[in-house]
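*Asks:* Questions regarding the structure given below will be posed in turn.
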Amino acid sequence: MTEQTPVVIVGTGLSGYSLVREFRKLDKETPVIMVTADDGISYSKPMLSTGFTKDKDADGLAQASPESMAEQLGVEIRPWSTVTGIDTDAHELVLGDRRLRYGKLVLAWGADVIRLSLKGDAQDRVFSINDLVDYRVFRKALAGGQRVAIMGAGLIGCEFANDLRNGGYEVDVIAPDADLMPSLLPEAAAGAVRSELENLGVRFHLGTVVEQVTRQGGGVELALGNGETLQADLVVSAVGLRPRTELARSAGIAANRGIQVNRALETSAPDVYALGDCAEVDGRVLLYVLPLMACARALAKTLSGVRTEVAYGTMPVMVKTPCCPTAVCPPPPEAEGEWRTEQDGSSVKALFVSPAGATLGFAVTGRFAVEKQMLARDVPPLHQS
Amino acid sequence: MKKWQCVVCGLIYDEAEGWPEDGIEPGTRWEDVPEDWLCPDCGVGKEDFEMIEIG
């Protein structure tokens, strides 16, 4: 019995598929089995908030079936397979009453959407969009509708607001903070995005929350904390993501905000790795594409036998609000310094400058957005080596 | 002139057209596109683009 035990990957999102694509560049022989709880269709998650702008429905955003991915990458893919446990001592993945032995196991199962507890009888008209399956359900529910209420004014809420306006829908955005994308953008940049979205026709209700969603005719009525009521056909909830850690925790794998891994993407359990939205890499949970791709490349090398640590460079985030192009490179949370802002209408250039005069982060909107690359060159990488 | 496609989202960079929104002039060859240029749609880097046959 010399048959090689496979590399098993849980998840066929951007992390899982990018990892396999990189791994197959280095190792075409080792068997790989990918397990996913959903349909296994390959798609690009950042594109979910561009469907109307690009005139693509869920089918249009789908890139390849699991069958075609399996053939392309030389791997086995098992859709609709839900993992129920991990037996790290036996090196086995538990799927209900079946077990799957792994040589190495990669957790790339993503994050869960945060659901707010709301009062009212129309909970089934509140949709979260975190994958292509969700997007399909949302588009079907929206058919024939005209008015969408979005809870949350973070990156995803703002991107969907822009996209839905481009699709001709009426859009109300309700969020508890006074500014858009408060954890990502400095005030001036957030204000610029807000005023351009308002010019596009988006209505903001900030500093308040949705308390109740009740049925009204074919749609819903939202009762806000500030006493306002709004009508909509459906509600999109975009209030944030929480890395999936529960199964890892119950298997004794260390987790904090995400599944904790070092820069080699190793969890606390031997031969178990994690990357993407479920992982806390070297203390950081970064739910963006660039860090994920860097992790996929490093982990592919490790899985092929050369232990490799990921080195995060400077990783600007682009906010897909075409009405106000925006890019941001947030300063490290512990960084000392201040924002220096130059503004011309909705074009903002804000630099986060340290007491020693070094640029540690930036945010650019409008016509300054084209400077993102040039500015990123001045910002030190997250990992110095 | 060649075309390059983002493996993550499918965006196509056409050397003939460049990417003027990011200051990349029409006719800019892939090797002359700055190394830190990011996919305008999904944000990945140049290493995640593959050359495709001219259609």
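The values are calculated or read from the model by the stated rules, or taken from the named source; none is laboratory data. Keep in mind the model is a prediction, meaning the values are calculated, not measured. Cβ placement follows ideal geometry from the backbone for every residue including glycine, while neighbour counts extend to all protein chains displayed.
*Asks:* In the stretch A:45-53, is there at least one residue being β-branched (Val, Ile, Thr) and in contact with a strand residue (DSSP E or B) (Cβ under 7 Å, 6 or more places away or on another chain)?
*Replies:* No; the residues of the stretch A:45-53 include none that is β-branched (Val, Ile, Thr) and in contact with a strand residue (DSSP E or B) (Cβ under 7 Å, 6 or more places away or on another chain).
*Asks:* Go through (1) crowded, with 16+ Cβ neighbours inside 10 Å; (2) not in a loop (DSSP other than H, G, I, E, B) for A:Val83 and report which single condition fails.
*Replies:* So A:Val83 meets the others, but not (2).
*Asks:* Considering only residues of the stretch A:66-80 that are touching a strand residue (DSSP E or B) at 6+ places or on another chain (Cβ under 8 Å) and part of a loop (DSSP other than H, G, I, E, B), which is nearest to A:Ile41 (Cα to Cα)?
*Replies:* Ranking the candidates gives A:Val75 first.
*Asks:* Count, please, the residues in the stretch A:138-180 that happen to be closer than 21 Å to A:Glu221 by Cα and touching a strand residue (DSSP E or B) at 6+ places or on another chain (Cβ under 7 Å).
*Replies:* Step one: filter the stretch A:138-180 for residues closer than 21 Å to A:Glu221 by Cα, giving A:138-153, A:157, A:160-161, A:164-165, A:168-176.
Restricting the remaining residues to those that are touching a strand residue (DSSP E or B) at 6+ places or on another chain (Cβ under 7 Å) gives A:138, A:141-142, A:145-153, A:157, A:160-161, A:164-165, A:169-175.
Qualifying residue count for the region: 24.
*Asks:* Right, here's the next one. Return the residues of the stretch A:258-315 that are of a type in the set (Lys, Arg), assigned to a loop (DSSP other than H, G, I, E, B) and within 12 Å of chain B (Cβ to nearest Cβ); say none if nothing qualifies. Can you show your working first?
*Replies:* Of all residues in the stretch A:258-315, those of a type in the set (Lys, Arg) come to A:263, A:284, A:297, A:301, A:307.
Imposing the further condition that a residue be assigned to a loop (DSSP other than H, G, I, E, B) reduces the set to A:263, A:307.
Answer for the stretch A:258-315, where residues must be of a type in the set (Lys, Arg), assigned to a loop (DSSP other than H, G, I, E, B) and within 12 Å of chain B (Cβ to nearest Cβ): there is none.
*Asks:* Only one of A:Leu230, A:Leu224, A:Leu241 is in contact with an Asp or Glu (Cβ under 6 Å, 6 or more places away or on another chain), closer than 30 Å to A:Asp121 by Cα, more than 14 Å from chain B (Cβ to nearest Cβ) and modelled with pLDDT of 95 or more. Can you tell me which?
*Replies:* On the way: A:Leu224 fails: in contact with an Asp or Glu (Cβ under 6 Å, 6 or more places away or on another chain); A:Leu241 fails: in contact with an Asp or Glu (Cβ under 6 Å, 6 or more places away or on another chain).
The conditions single out A:Leu230.
*Asks:* Just give me the residues in the stretch A:325-361 being under 28 Å from B:Asp41 (Cβ atoms), in contact with a Leu (Cβ under 9 Å, 6 or more places away or on another chain) and free of Cβ contacts under 8 Å to residues at least 40 places away in the same chain, in sequence order.
*Replies:* Hits for the stretch A:325-361 are A:Pro331, A:Glu342, A:Lys349, A:Leu351, A:Thr359, A:Leu360, A:Gly361.
*Asks:* Which one of the conditions (1) touching a Cys at 6+ places or on another chain (Cβ under 9 Å); (2) within 14 Å of chain B (Cβ to nearest Cβ) does A:Val370 fail to meet, given that it meets all the rest?
*Replies:* That leaves (1) as the condition not met.
*Asks:* Could you pull out the residue among A:Ala363, A:Ala335 that is in contact with a strand residue (DSSP E or B) (Cβ under 8 Å, 6 or more places away or on another chain), assigned to a loop (DSSP other than H, G, I, E, B), of a type in the set (Gly, Ala, Ser) and away from chain B (no Cβ under 14 Å)? Let's see the steps before the verdict.
*Replies:* Values: A:Ala363 fails: assigned to a loop (DSSP other than H, G, I, E, B).
Just a single option satisfies the conditions, and that option is A:Ala335.
*Asks:* Of these, A:Leu100, A:Leu132, which one is touching a Phe, Trp or Tyr at 6+ places or on another chain (Cβ under 7 Å) and surrounded by 13 or more Cβ atoms within 10 Å (Cβ to Cβ)?
*Replies:* Exactly one residue qualifies, and that residue is A:Leu132.
*Asks:* Still on this structure, please answer the following. Which one is nearest to the other protein chains (Cβ to nearest Cβ), of the residues in the stretch B:19-43 that are more than 14 Å from A:Gln373 (Cβ to Cβ) and touching a strand residue (DSSP E or B) at 6+ places or on another chain (Cβ under 8 Å)?
*Replies:* B:Cys42
*Asks:* Now a separate question. Only one residue in A:Gly276, A:Gly305, A:Gly357, A:Gly313 is in contact with a Gly (Cβ under 9 Å, 6 or more places away or on another chain), surrounded by fewer than 19 Cβ atoms within 10 Å (Cβ to Cβ) and not hydroxyl-bearing (Ser, Thr, Tyr), so which one is that? Lay out the reasoning, then the answer.
*Replies:* Working: A:Gly276 fails: surrounded by fewer than 19 Cβ atoms within 10 Å (Cβ to Cβ); A:Gly305 fails: in contact with a Gly (Cβ under 9 Å, 6 or more places away or on another chain); A:Gly357 fails: in contact with a Gly (Cβ under 9 Å, 6 or more places away or on another chain).
Criteria check complete, one pass: A:Gly313.
*Asks:* May I pose another question? Go through the residues of the stretch A:196-209 one by one and say whether even a single one is hydroxyl-bearing (Ser, Thr, Tyr), in a loop (DSSP other than H, G, I, E, B) and closer than 15 Å to A:Ser237 by Cα.
*Replies:* yes
*Asks:* Within the stretch A:109-123, track down each residue that is among the acidic types (Asp, Glu) and either closer than 10 Å to A:Val235 by Cβ or assigned to a loop (DSSP other than H, G, I, E, B) (or both).
*Replies:* Within the stretch A:109-123, A:Asp121 is the sole residue that qualifies.
*Asks:* Looking at the structure I just gave you, is A:Arg340 charged (D, E, K, R), surrounded by fewer than 16 Cβ atoms within 10 Å (Cβ to Cβ), closer than 28 Å to A:Val10 by Cα and more than 14 Å from chain B (Cβ to nearest Cβ)?
*Replies:* Details: charged (D, E, K, R): yes; surrounded by fewer than 16 Cβ atoms within 10 Å (Cβ to Cβ): yes; closer than 28 Å to A:Val10 by Cα: no; more than 14 Å from chain B (Cβ to nearest Cβ): yes.
No, not satisfied.
*Asks:* Any idea which residue in the stretch A:281-294 is surrounded by the fewest Cβ atoms within 10 Å (Cβ to Cβ), counting only those that are more than 19 Å from A:Leu155 (Cβ to Cβ) and out of contact with any helix residue (DSSP H, G or I) (no Cβ under 7 Å at 6 or more places or on another chain)?
*Replies:* Per the stated criteria, the residue is A:Gly283.
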